[in-house]
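Where a number appears in this text, it was derived from the coordinates with a stated rule and is not lab data. Note that the coordinates shown come from a computational prediction; the quantities given were computed from them, not determined experimentally. All Cβ positions, even for glycine, are placed from backbone atoms using ideal geometry, and neighbour counts span all protein chains on display.
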Amino acid sequence: MLDRLKGKAKQATGTAKEEAGKARGDKEQMEEGQDEKAEGKVQDTAGRVKDKVDDIKDKVK
């Protein structure tokens, strides 16, 4: 669950950086925001997988 929350937070931060970069015409900041957003999505997805595995483990016990 913690990975999912951290991932969502990173996505939000990335979106903010991306939008700020767009507004300022700062291509580097915009790209940083896009990268951070992508990292957040990966972290969120990894967290979801971990949660599913834990659920399956609990059902098998």
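Taking 0.36 nm per intervening residue step and subtracting the Cα-Cα distance, what contour gain separates T13 from M1 on full extension?
2.5 nm
Ranking request for peptides 53-60, 17-24: highest mean number of other beta-carbon atoms within 10 Å first, then the rest in descending order.
17-24, 53-60
Please state the Cα pair-distance histogram of the chain with 10 angstrom bins from zero: what percent is in each bin?
That works out to 27, 34, 21, 12, 5, 1, in percent per bin.
Given points 7 Å out from each Cα along the Cα-Cβ axis, report the D35 to R48 separation in nanometres with one decimal.
2.5 nm
Using only DSSP helix segments of four residues or longer, with each worth -39500 (n - 2.57), what per-residue ellipticity at 222 nm results for the chain after dividing by its residue count and rounding to 500?
Counting only the DSSP helices, I get -33500 deg cm²/dmol.
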